[in-house]
Amino acid sequence: MSEPRNLHPDPRCLRVRNMWRATSTIVEEKRQYTLADGAPTGSVFAWTPLTNEQLAGNILYARITATQDVLDKLGVEGAPVVAKQGEWIAASSPGVANRTIAVTHGPFTLCEVGVYSLEDWEKLYDAYQKGAITYPWVAGPRNATMAGEKGPWEL
């Protein structure tokens, strides 16, 4: 049985993501995203730099820190939720379309993301449900400076 692989090149969210009507500031090495002044709505392309085509057919995972109101309203644009608990969400990306997280409900800090095949997601979620891991997520290279490079993907 193979180990689950996170297909995202920056799973620790060290790089700024693309935004629509939003701004970004650095908070403790992570990016906090906020609705732009005067904008009625806004969103963050949390899985940048992957394209909509690369996301299609996979499970998208994100963990954020935010107020409880923001967490309660956490969703992924146009993607059915497959699991959600507290500060994390996983959604299916069945086709080619924008997949964003709204900043309309309040600011949030993007902590980690994942893009998984359905098979790998099932392995991770099973391990999470059994209490073997804290979140249904694998990072990638242990050394954060290697984010974006091919390497040994580990839990």
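If you take the residues of the range 91-122 that are among the charged types (D, E, K, R) and crowded, with 19+ Cβ neighbours inside 10 Å, which of them is farthest from Asn58 (Cα to Cα)? The residue in question is Glu112. Based on what the data block shows, is Trp88 free of Cβ contacts under 8 Å to residues at least 60 places away in the same chain, among the aromatic types (Phe, Trp, Tyr) and surrounded by 15 or more Cβ atoms within 10 Å (Cβ to Cβ)? Yes, satisfied. Taken together, the residues in the range 16-44 that are of a type in the set (A, V, I, L, M), without any contact (Cβ under 8 Å) to a residue 24 or more places away in the chain and not in a loop (DSSP other than H, G, I, E, B) amount to 1. Residues of the range 97-155 being farther than 25 Å from Glu53 by Cα, charged (D, E, K, R), part of a loop (DSSP other than H, G, I, E, B) and modelled with pLDDT of 95 or more, which ones? If the condition is that a residue be farther than 25 Å from Glu53 by Cα, charged (D, E, K, R), part of a loop (DSSP other than H, G, I, E, B) and modelled with pLDDT of 95 or more, then Lys130 is the only one that fits.
Taken over the range 45-85, the criterion of being assigned to a loop (DSSP other than H, G, I, E, B), over 17 Å from Val16 (Cα atoms) and touching a residue at least 24 places away in the same chain (Cβ under 8 Å) is satisfied by Ala56, Gly57, Ala66, Thr67, Lys73, Leu74, Gly75, Val76, Glu77. One residue stands out in the range 1-40 among those that are within 20 Å of Asn98 (Cβ to Cβ) and surrounded by fewer than 13 Cβ atoms within 10 Å (Cβ to Cβ): the one that is farthest from the chain's Cα centre (by Cα), namely Pro40.
The values are calculated or read from the model by the stated rules, or taken from the named source; none is laboratory data. As the structure is a prediction and not an experimental result, all values here were calculated from the model. Positions of Cβ are generated from backbone atoms using ideal geometry, with glycine treated the same way; all protein chains shown enter the neighbour counts.
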